[in-house]
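Structure, as structure tokens:
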């Protein structure tokens, strides 16, 4: 049984007047969907990615919604100079950054006994270290303003085991721990840090990089009998970025219908 996808929700100006920076927002995944939802909720958005062509295409699509140009900047989150430059560019574009959404991450599939150091390191460097670099840069900016929100993209694999995902699971568990520790430190200057942990959000790129049959197996584990739409994850990110979650910090919210 598969429960139908609900209708796409209208915006309710939850982020009206807010300035938002989203990493890894090109393509068809959660980052692009989140940037689009932020615009639909009244925010001004800057998006970044490492893919120049796809970044330009994403900005064009989002600008059709916002009816104004969307700021972009290339950024590889494994390069700290690029991370700092991205935050500086967003601050210059907006005046101040209200919300940073750390979506950049890298997966893969390899059993631990066959995994190379390079396979391990690249996933950890993009997914965990990249989130650390962006969080650090964002907090330095937000500390001066004594306000702001950071939302990280984790995964249910930070809690659950899955074959071939030791590097990705370890990285996402690290993102969860980083979220909690950053939240405790940032609370004193009025900044909130939370994370989402999706189980399975279907998009074109995921289908290209996932071993045959695995997505079908994972889908069967979902109570709704289907994967989430990317915008269903983005809706929770928007909630955490908005004032509706004003008392929440250090939390990791599962966006999942997955049963054990």
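The values are calculated or read from the model by the stated rules, or taken from the named source; none is laboratory data. Not measured: the values here are computed from a predicted model. Quick reminder, even Gly has a Cβ in these numbers, built from the backbone with ideal geometry, and neighbours come from all protein chains shown.
Scanning segment 20-71 for residues that are outside any helix (DSSP H, G or I), farther than 25 Å from residue 129 by Cα and touching a helix residue (DSSP H, G or I) at 6+ places or on another chain (Cβ under 8 Å) yields 41, 44, 69, 70.
Here residue 127 qualifies as farther than 22 Å from residue 217 by Cβ and buried (at least 17 other Cβ atoms within 10 Å of the Cβ). Just so you know, in segment 36-64 the residues that are closer than 19 Å to residue 239 by Cβ and without any contact (Cβ under 8 Å) to a residue 40 or more places away in the chain include one that is surrounded by the fewest Cβ atoms within 10 Å (Cβ to Cβ), and it is 42.
The requirement of being within 27 Å of residue 229 (Cβ to Cβ), at pLDDT 95 or above, touching a helix residue (DSSP H, G or I) at 6+ places or on another chain (Cβ under 7 Å) and crowded, with 23+ Cβ neighbours inside 10 Å is fulfilled nowhere in segment 4-14; no residue meets it.
Just one of the listed residues (110, 137, 173) is part of a loop (DSSP other than H, G, I, E, B) and touching a helix residue (DSSP H, G or I) at 6+ places or on another chain (Cβ under 7 Å), and it is 110. Evaluated against (1) within 30 Å of residue 111 (Cβ to Cβ); (2) modelled with pLDDT under 95; (3) in contact with a strand residue (DSSP E or B) (Cβ under 8 Å, 6 or more places away or on another chain), residue 211 falls short on exactly one condition, (3).
This table checks each residue for (1) at pLDDT 95 or above; (2) surrounded by fewer than 17 Cβ atoms within 10 Å (Cβ to Cβ); (3) touching a strand residue (DSSP E or B) at 6+ places or on another chain (Cβ under 8 Å).
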| position | (1), (2), (3) |
| --- | --- |
| 163 | no, yes, no |
| 181 | yes, yes, no |
| 196 | yes, no, yes |
| 207 | no, yes, no |
| 223 | no, yes, yes |
| 237 | yes, no, yes |
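Does residue 191 meet the test of being modelled with pLDDT of 95 or more and exposed (fewer than 15 other Cβ atoms within 10 Å of the Cβ)? Answer is no for this residue.
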